[in-house]
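The values are calculated or read from the model by the stated rules, or taken from the named source; none is laboratory data. This structure is a prediction, so every number in the text was calculated from the model and none was measured. Every residue, glycine among them, receives a Cβ derived from its backbone with ideal geometry; neighbour counts consider all protein chains shown.
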Amino acid sequence: MPYRSVVLIKQVPDTHNISGKVMTEEGTIDRGALPAIFNPDDLNALEMALALRDAEGGTVAVITMGPPAAAAILREALFRGADEAYLLSDKRFAGADTLATSYALAQAVRKLGEADLVFAGRQAIDGDTAQVGPQTAEKLGIPQITWAEAILGIDGSKITVRRSIDRGTETVECALPCLLTVVGSANEPRPASVRRRIEYKLASTSMEYKTLLAKWPDFGSEEALDAWLAERKLRIPVWSAADIGADEARLGLAGSPTQVYKVNFVVLEGAESKDVQPTREGIAGLVDELVREYIVG
Amino acid sequence: MSDSRNVWVFVEHDVGGDGSVIADVSLELLGKARELADRLGSEVHAVLCGSKVEGLAPTLIAQGADLVILAEHDELEAYRTLPYARVIVGLVEERKPYIVLFGASAVGRDLAPRVASALRTGLTADCTDLQIGDYESRKEGKVFKDLLLQIRPAFGGNLIATIVNPKGRPQMASVREGVMKKAAAEPTRRGRVERVTPRFEASDFALKVISRERRESTLRLKDSAVVVAGGAGVAGPEEFDLLRELAQVLAGEVGASRAAIDAGLIHHDHQIGQTGLTVRPRLYIAAGISGAIQHRAGMDESNKIIAINTDPDAPIFQIADYRIVGDLAEVVPMLVEALRDKAK
């Protein structure tokens, strides 16, 4: 039977590929210099939702909270098979820690209406906290299944999932609706389809209309462009704090109990180190020393 | 009841061969909690949930707890998010601890965010250090005294951030197993045990555990005297096999940086670093690991470090005792050979 799924996705700086240019002279990070990518685990969450829809029917909506540029991953999700996409963007969301983020996301999921399943990646590579999934589930008042590896069965009122635990796995059965956080090893995310890439190439948020109009002046006005996109179901809705009925005191910096007190760029202590030549003699000398100092043997 | 300055530790335990045993991470946290509570002039309370776990209380006291809050119920036998969260949230609301610490285990990382969200307070995951200190908020023109300074690598491990939670209570943090050192047990320490009666709602049982499958593999890595670890510079499974061979010759274990895990070279149980295991072996060989701080957080207290990397500027070399600039595909077999020669 068909299920309504919502997938929470995030655009993140590619922290796995940090080069010298990204660090400023003050030792801070120039976020703008890092490529922005689809958070890896979120691709697995999307794939799990899409595979379920392909097997059982239903729809998959994706939501992200972020700056206007985050629309890029919403389009990416549409290319890969998502049915609907929504952007939460408002300066009131800025500076949110995981508590304020999960509040905004939960409000957005509520606004979308009755979801049977909410999916999220296990964690995002910029913070590695793995907190937003469980916190969103709490805000929605639904159970959570973290570190999901596979959906083993679903029958309309409950889902059976295999999840990763320390030193093993467990199989759980949970009443719907519930929220799953998905691990990176769960599946192989499908690539964007060429057909969908063409179909959704122009999918846009209203925040992108100025840029689009500069490229295609023939539309004449934002209103005309908006009507044209809406007619083709290419308009990606942008929701503000007011749109999701959020209490402003619980959003962004204001709604975040945690604050960054200070940030240190790590200065490595110069260990007294020896250079070892990558030759037979060099390595043999190293092994001699290790044995002499009772480090090996 | 007025707000206390007490430090709580959520106690994780596991059913072993002869009954339940307390998880190492909880014992390690008790040592840290003791230190924080002594600094604050307050008490350490251990929150012990489960079924027939009263026998664990003396160990918790010996490891630093002043009070063991014992919540026993058949429904708490196997860990499930909602019943456990119900108990913890209820206790925190009633007793208002100042700080609550969780192990950053599969259980802690599932439970702590759920609890923090219900309490609408802050939570910092995977801390590598915890201290008590003052925080001056320039925005509010106010000094917050004796806050929990929650220190963790951030931004993919490229920075170290100190996080504070000036107003939310309790201040909550999680710490990985192996990051804090377990204090020596003091069997003569005195402490109290207080039994509480858990109350649940029907909705707490929305999830049922059908089965658990155990896989024992990482325990040895954590305690191994020698660790050979590979990272992004390991070109493929064949090169990773070279590291396994080296580990075998040294009677050690293999580990990996996140890059090697992401590349699918080895199971994530073997990940060393902030979001993986912390190891302190006698010898750590880092092959093809650049040494982002996130990885270093899990191995920089190793006694001796040998780094093998083609990039002479790789950060790992700055903490290495022995630097080998070269291709691991050549260097590792040479090491294996030299060690075998020595053993003859």
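Restricting attention to region A:80-103, the residues being within 27 Å of B:Pro113 (Cβ to Cβ), in contact with a helix residue (DSSP H, G or I) (Cβ under 7 Å, 6 or more places away or on another chain) and in a helix (DSSP H, G or I) number 8.
Within the set B:Ser211, B:Ser224, B:Ser203, the sole residue that is farther than 24 Å from B:Arg282 by Cα, touching a residue at least 40 places away in the same chain (Cβ under 8 Å) and among the polar types (S, T, N, Q) turns out to be B:Ser203. Take A:Ala120 and tell me if it is modelled with pLDDT of 95 or more and in a strand (DSSP E or B). Considered against the rule, which asks whether it is modelled with pLDDT of 95 or more and in a strand (DSSP E or B), A:Ala120 comes out as yes.
Of all residues in region A:43-79, those satisfying the criterion of being surrounded by fewer than 20 Cβ atoms within 10 Å (Cβ to Cβ) and outside any helix (DSSP H, G or I) are A:Gly57, A:Gly58, A:Thr59, A:Pro67.
B:Tyr98 satisfies every condition listed in (1) more than 8 Å from every other protein chain (Cβ to nearest Cβ); (2) surrounded by 24 or more Cβ atoms within 10 Å (Cβ to Cβ); (3) among the hydroxyl-bearing types (Ser, Thr, Tyr) except (2). Is it true that B:Leu111 is touching a Leu at 6+ places or on another chain (Cβ under 7 Å) and either crowded, with 24+ Cβ neighbours inside 10 Å or hydroxyl-bearing (Ser, Thr, Tyr) (or both)? Judged against the criteria, B:Leu111 is not a match.
B:Arg220 meets the conditions (1) modelled with pLDDT of 95 or more; (2) exposed (fewer than 13 other Cβ atoms within 10 Å of the Cβ); (3) part of a helix (DSSP H, G or I) in every case but one. The failed one is (1). The set of residues in region B:112-137 that are of a type outside the set (A, V, I, L, M, F, W, C), more than 8 Å from chain A (Cβ to nearest Cβ) and not in a strand (DSSP E or B) contains only B:Thr128. If we scan region B:316-325, do we find a residue that is more than 9 Å from every other protein chain (Cβ to nearest Cβ) and either over 30 Å from B:Arg109 (Cα atoms) or surrounded by fewer than 20 Cβ atoms within 10 Å (Cβ to Cβ) (or both)? Looking through region B:316-325, none of the residues is more than 9 Å from every other protein chain (Cβ to nearest Cβ) and either over 30 Å from B:Arg109 (Cα atoms) or surrounded by fewer than 20 Cβ atoms within 10 Å (Cβ to Cβ) (or both). For region B:240-259, a tally of residues being part of a strand (DSSP E or B) and either modelled with pLDDT under 90 or under 14 Å from B:Ile289 (Cβ atoms) (or both) returns 3. A:Gly156 satisfies every condition listed in (1) facing another protein chain (nearest Cβ under 9 Å); (2) assigned to a loop (DSSP other than H, G, I, E, B) except (1). The listed residues are A:Leu212, A:Leu234, and the only one of them that is within 25 Å of the chain's Cα centre (by Cα) and either within 14 Å of chain B (Cβ to nearest Cβ) or within 30 Å of A:Ala69 (Cα to Cα) (or both) turns out to be A:Leu234. Screening B:Leu130, B:Leu148, B:Leu119, B:Leu159 for residues that are modelled with pLDDT of 95 or more, touching a helix residue (DSSP H, G or I) at 6+ places or on another chain (Cβ under 9 Å) and closer than 30 Å to B:His267 by Cβ leaves exactly one candidate, B:Leu130. Considering each residue of region B:175-185 in turn, at least one proves to be at positive phi, outside any strand (DSSP E or B) and in contact (Cβ under 8 Å) with a residue 40 or more places away in the chain. For A:Asn264, the criteria (1) under 23 Å from the mean Cα position of the chain (by Cα); (2) farther than 30 Å from B:Arg212 by Cα; (3) not in a loop (DSSP other than H, G, I, E, B) hold in every case but one, which is (1).
Would region B:230-239 turn up any residue that is away from chain A (no Cβ under 12 Å), outside any loop (DSSP other than H, G, I, E, B) and surrounded by 20 or more Cβ atoms within 10 Å (Cβ to Cβ)? Checked region B:230-239: at least one residue is away from chain A (no Cβ under 12 Å), outside any loop (DSSP other than H, G, I, E, B) and surrounded by 20 or more Cβ atoms within 10 Å (Cβ to Cβ).
Checking B:Gly291, B:Gly298 one by one, the residue that is facing chain A (nearest Cβ under 10 Å), assigned to a loop (DSSP other than H, G, I, E, B) and in contact with a Gly (Cβ under 9 Å, 6 or more places away or on another chain) is B:Gly291 and no other. Scanning region B:51-68 for residues that are surrounded by 23 or more Cβ atoms within 10 Å (Cβ to Cβ) and either of a type in the set (D, E, K, R) or not in a helix (DSSP H, G or I) (or both) yields B:Gln63, B:Gly64, B:Ala65, B:Val68.
Would it be correct to say that B:Arg340 is in a helix (DSSP H, G or I) and among the basic types (Lys, Arg)? Judged against the criteria, B:Arg340 is a match. Scanning region B:138-171 for residues that are farther than 29 Å from B:Ser290 by Cα, within 7 Å of chain A (Cβ to nearest Cβ) and of a type in the set (Val, Ile, Thr) yields a single hit, B:Val164.
The single condition among (1) touching a Lys or Arg at 6+ places or on another chain (Cβ under 7 Å); (2) surrounded by fewer than 16 Cβ atoms within 10 Å (Cβ to Cβ); (3) not aromatic (Phe, Trp, Tyr) that B:Glu213 does not satisfy is (1). Return a yes/no flag: does region A:209-225 have any residue that is part of a loop (DSSP other than H, G, I, E, B) and within 28 Å of B:Glu301 (Cβ to Cβ). No, region A:209-225 contains no residue that is part of a loop (DSSP other than H, G, I, E, B) and within 28 Å of B:Glu301 (Cβ to Cβ). A:Asn264 satisfies every condition listed in (1) polar (S, T, N, Q); (2) within 8 Å of chain B (Cβ to nearest Cβ); (3) in contact with a helix residue (DSSP H, G or I) (Cβ under 7 Å, 6 or more places away or on another chain) except (3). Residue check: is A:Val296 touching a strand residue (DSSP E or B) at 6+ places or on another chain (Cβ under 6 Å), facing chain B (nearest Cβ under 8 Å) and at pLDDT below 90? No. Taken together, B:Ser257, B:Ser174, B:Ser203 contain a single residue that is closer than 30 Å to B:Val87 by Cα, surrounded by 21 or more Cβ atoms within 10 Å (Cβ to Cβ) and within 14 Å of another protein chain (Cβ to nearest Cβ), which is B:Ser174.
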